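Here's the structure, in structure tokens; my notes come after.
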Amino acid sequence: MTNNTKKVETIWYGHSTVKIVGSKTILIDPFFDVMSEEHVKEALEGVDFVAVTHGHADHLGQAFDACKKTNAVIVCIAEIADEATKLELDVEPMNIGGRIQRDGVGFNMVFATHSAGNMGSPAGFVIEIDGKKIYHAGDTGLTLEMKLIGEMYRPDLSFLPIGDRYTMGIAHAVKALEFVGSKKVVPIHYNTFPAIEADPNEFKKLVGDKAEVTILEKGGSLTL
Ligand code: NI
Ligand code: MN
């Protein structure tokens, strides 16, 4: 519990790329291939941490480059951290179930059910900043573990994939939100490519009055 009243801004740049701006700035899964030059520039501004959910190209993306450019600390699973260490980046390696704290920001690495090539396991994050808790699910299918994520962390806001095929689709994401129990949610990982086409308004409709669904335009933001 906290009485911290500082505002935290979250910005979505498309796919799974999310920037969290509070007393520190965190960039999650920077996938610049699908972002405009302007958004890439904006996304890189003032970044203190780059958090990577898993080693797939659409999530690890330009994380290493972003850290080189900004001197940001990379927060990621041990196997990705090994690669980052070879590049002499400032690394905070961790693994699922663990929590680290640095410069007042808490990073909890949580379970995701997915694959990750030869780069360790897929994961999600619950990030604690300025008294707020933000869950970024990464790529995942629906899993009962989300009940535990809800119970243990009680996130204020969730970023959940809805694009189907590689992750949860809309119906499963609705159940995931029920498990996690956050009152605010932003759908991600849809409409980047034809293979993951989904209608976020359908997600919003199915969630109904159980939570506040914010459908962001690329570059749009939600403030907590
Ligand atoms: Ni993936
Ligand atoms: Mn993905």
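Residues in segment 55-101 that are in contact with an Asp or Glu (Cβ under 8 Å, 6 or more places away or on another chain), farther than 27 Å from residue 166 by Cβ and part of a loop (DSSP other than H, G, I, E, B): 71 alone. Residue check: is residue 114 open to solvent by less than 60 Å² (accessible area, probe 1.4 Å) and part of a loop (DSSP other than H, G, I, E, B)? In short, yes.
Against the list (1) of a type outside the set (Phe, Trp, Tyr); (2) surrounded by fewer than 20 Cβ atoms within 10 Å (Cβ to Cβ); (3) under 20 Å from residue 191 (Cα atoms); (4) under 17 Å from the mean Cα position of the chain (by Cα), the condition residue 92 fails is (3). In segment 124-175, the qualifying residues are those that are within 16 Å of ligand 1 (Cβ to nearest atom), of a type in the set (A, V, I, L, M) and closer than 26 Å to residue 49 by Cα, and the one that is surrounded by the most Cβ atoms within 10 Å (Cβ to Cβ) is 137. The residues of segment 173-214 that are within 15 Å of ligand 2 (Cβ to nearest atom) and either outside any helix (DSSP H, G or I) or not small (Gly, Ala, Ser) (or both), listed by number, are 187, 188, 189, 190, 191, 192, 193, 194, 196, 197, 198. The single residue among 106, 97, 55 that is more than 16 Å from residue 13 (Cα to Cα) and in contact (Cβ under 8 Å) with a residue 60 or more places away in the chain turns out to be 55. Picking from residues in segment 47-72 that are within 16 Å of ligand 1 (Cβ to nearest atom) and farther than 25 Å from residue 97 by Cβ, the one that is surrounded by the most Cβ atoms within 10 Å (Cβ to Cβ) is 62. Counting the residues of segment 17-46 that are more than 16 Å from residue 128 (Cα to Cα), more than 14 Å from ligand 2 (Cβ to nearest atom) and either among the hydrophobic types (A, V, I, L, M, F, W, C) or buried (at least 21 other Cβ atoms within 10 Å of the Cβ) (or both) gives 5.
Kindly indicate whether any position in segment 73-86 is of a type outside the set (A, V, I, L, M, F, W, C) and within 16 Å of ligand 1 (Cβ to nearest atom).
Taking segment 73-86 first, the residues of a type outside the set (A, V, I, L, M, F, W, C) are 79, 82-83, 85-86.
After this cut, where a residue has to be within 16 Å of ligand 1 (Cβ to nearest atom) as well, the list is 79.
Checked segment 73-86: at least one residue is of a type outside the set (A, V, I, L, M, F, W, C) and within 16 Å of ligand 1 (Cβ to nearest atom).
In a residue-by-residue description of segment 147-157, the property of being under 21 Å from residue 201 (Cα atoms), within 16 Å of ligand 2 (Cβ to nearest atom) and of a type in the set (A, V, I, L, M, F, W, C) applies to no position. State whether one or more residues within segment 184-194 are open to solvent by less than 10 Å² (accessible area, probe 1.4 Å), within 19 Å of residue 55 (Cβ to Cβ) and either more than 15 Å from the chain's Cα centre (by Cα) or not basic (Lys, Arg) (or both). Yes, because at least one residue in segment 184-194 is open to solvent by less than 10 Å² (accessible area, probe 1.4 Å), within 19 Å of residue 55 (Cβ to Cβ) and either more than 15 Å from the chain's Cα centre (by Cα) or not basic (Lys, Arg) (or both).
The values are calculated or read from the model by the stated rules, or taken from the named source; none is laboratory data. Note that this is a predicted model, so its numbers are computed, not measured. FYI the Cβ positions are ideal-geometry reconstructions off the backbone, even for glycines, and counts take in every protein chain you see. SASA here: full protein model, heavy atoms, side chains in, ligands and nucleic acids out. Shrake-Rupley method; radii C 1.70, N 1.55, O 1.52, S 1.80 Å.
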